[in-house]
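**Q** Please see the structure below; I have some questions.
Values quoted throughout were computed directly from the atomic coordinates according to the rules given, and no laboratory measurement underlies them. It should be emphasised that the depicted structure is a prediction, and the values quoted were computed from it without experimental measurement.
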């Protein structure tokens, strides 16, 4: 991914936009995607989180409730 590509925002059912750490999470996700990383560390919990682009490489939803799953339907 390069700086001109947009990073998708997680579906609200996976990450509530009203969380006070929402912008920190989006920034960590964007930085990981720009660096070409499959994961990033959640800025609050320290857990490893898969990026949207990792899921796209995998090609389908694993039904694990991943935060950045691009296959979630509205």
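**Q** Counting only helical runs of four or more DSSP H residues, what would the 222 nm mean residue ellipticity of the chain come to if each run contributes -39,500 (n - 2.57) and the total is spread over all its residues? Could you put the intermediate results ahead of the total?
**A** Working: 2 runs with 21 residues, N = 74.
About -8500 deg cm²/dmol.
**Q** Rg/Rh for the stretch 11-54: what does it come to with C-alpha atoms and Rh from Kirkwood?
**A** On the way: Rg = 10.0 Å, Rh = 10.6 Å.
That ratio is 0.94, to two decimals.
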